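One structure below.
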Amino acid sequence: LGSSQGDPPEPLLSDPEGRLRGYCKAVAEACPEAAAMILEGLLQLGDVPKWQRRLASKLLEIDTEKAVPHWLLRHALRWWKHLDSVGDARSLLVARVRRDYSASLSRSDRLRRQILIADAAQDVDVACGSGPKRSAWCFRDWCGALQMWGDTRWDFSLETMRVRATVACFPYARPLAEEVPCEDSPEVEAEAPELELELLPEAGKAEESGTPGAPFDRAEAYDPGYVAPFLTGRLRVAWAEAAKQSSDQEKSLEFGTTLSSVISGGVLELLLLASACTDAVLRACALEGLSIVVAMAEQWDDVITDKAAARDGGRGTRAPRRLPFKHLP
């Protein structure tokens with residue numbers, strides 16, 4: 001603080017806010033991760049001036065060729081409420097996170113999931129567990145905004161091997177909202193994440209996969225904390241689109257195509273498993289998804305039965321009811 005000649009240090013109380021602002025900006029240019037740690041400490045003081053919000057938003061603009069680092073994801077979650085929802089920085093970060101997301105239970109994907117849930121719900125508390133207690137049916141407000149992970153076109157079918165891995169070690173205790181984790185721990189980074197170990201029991205053996213004795217990779221399992229709301233959101237959209245069809249035959253075609261994929265593509269299995277989750281929101285979400293599947297099957301069955309009765313000459317003999325779970329592949 002003083003000069004090398006022993007001059008008295010300049011009073012620290014001389015514009016302390018300006019000194020702090022200049023220091024944080026300098027640190028942000030030299031080491032963005034250190035600046036994020038400083039901002040996290042300042043955030044706990046309660047008062048958030050504009051320069052802190054601008055600096056926190058600027059950190060989101062850091063461009064990396066690799067995946068978004070953990071510290072930046074944690075920084076975004078902690079500052080989410082104070083960041084501009086219509087600014088480019090937050091939207092660009094969400095796009096990068098969605099690009100890297102694979103809907104797994106890995107440590108990185110759990111952080112990415114929180115970002116994507118917060119963006120879809122326009123409320124970070126939904127993903128981070130803070131704020132007032134919400135209804136179990138709150139997912140209806142945002143599940144339709146969740147998008148498919150990766151660059152694969154959604155067709156109501158999931159990867160077979162990943163479905164098997166999920167069934168083998170399904171995390172029934174998976175919470176929809178979880179706290180933002182602390183800084184990286186070398187021990188946790190080197191091995192399996194602590195939360196993942198708490199969530200998942202010992203994985204089963206993969207005899208079904210053709211590799212006897214080889215355990216399923218937990219990182220391959222789907223995360224019901226994202227997949228269950230996503231599936232229900234897609235089913236709600238499919239139901240609404242089919243309802244717009246003018247004829248019963250067109251509705252039957254829509255429902256039949258969707259049901260075939262849902263039943264044979266692993267969606268039905270994951271919704272049934274998620275209906276036993278301990279988290280009330282995920283459980284309600286899965287139950288609504290299953291109710292849509294049942295409603296589709298009922299209407300599809302009615303159309304098939306009515307067409308068969310019409311071919312019968314209208315003699316009042318109703319064709320036997322067909323169960324889509326038996327007749328669809």
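One table, with the values for the structure above:
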quantity	calculated
Members of region 149-181 that are among the basic types (Lys, Arg), open to solvent by 50 Å² or more (accessible area, probe 1.4 Å) and at pLDDT 90 or above	Arg164
Residue in region 73-82 that is within 21 Å of Val281 (Cβ to Cβ) and of a type in the set (Lys, Arg) present	yes
Check on Thr152, over 29 Å from Glu179 (Cβ atoms), polar (S, T, N, Q) and touching a residue at least 40 places away in the same chain (Cβ under 8 Å)	no
Residues of region 245-267 satisfying the condition of being among the hydroxyl-bearing types (Ser, Thr, Tyr) and open to solvent by less than 60 Å² (accessible area, probe 1.4 Å)	Ser247, Ser252, Thr258, Ser260, Ser261
Single residue of Ala310, Ala276, Ala297, Ala242 found to be closer than 27 Å to Ala165 by Cα, small (Gly, Ala, Ser) and either open to solvent by less than 80 Å² (accessible area, probe 1.4 Å) or modelled with pLDDT of 80 or more (or both)	Ala276
Filter result (touching a residue at least 12 places away in the same chain (Cβ under 8 Å), part of a helix (DSSP H, G or I) and among the hydroxyl-bearing types (Ser, Thr, Tyr)) within region 223-277	Tyr226, Thr232, Ser252, Thr258, Ser260, Ser261, Ser264
Answer residue from region 49-82, given it is β-branched (Val, Ile, Thr) and modelled with pLDDT under 85 and is surrounded by the fewest Cβ atoms within 10 Å (Cβ to Cβ) among those	Thr64
Residues satisfying the stated conditions in region 37-73, i.e. polar (S, T, N, Q) and assigned to a loop (DSSP other than H, G, I, E, B)	Gln44, Thr64
Qualifying residue in region 154-163 (condition: more than 18 Å from Arg283 (Cα to Cα), in a helix (DSSP H, G or I) and touching a Pro at 6+ places or on another chain (Cβ under 8 Å))	no
Some residue of region 284-292 being open to solvent by 30 Å² or more (accessible area, probe 1.4 Å), in a helix (DSSP H, G or I), touching a Phe, Trp or Tyr at 6+ places or on another chain (Cβ under 6 Å) and modelled with pLDDT of 90 or more	no
Residues within region 254-298 that are touching a strand residue (DSSP E or B) at 6+ places or on another chain (Cβ under 9 Å) and small (Gly, Ala, Ser), tallied	1
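The values are calculated or read from the model by the stated rules, or taken from the named source; none is laboratory data. The structure displayed is predicted, hence computed values, not measured ones. All Cβ positions, even for glycine, are placed from backbone atoms using ideal geometry, and neighbour counts span all protein chains on display. Side chains included, ligands, DNA and RNA excluded: accessible areas come from the protein's heavy atoms. Shrake-Rupley method; radii C 1.70, N 1.55, O 1.52, S 1.80 Å.
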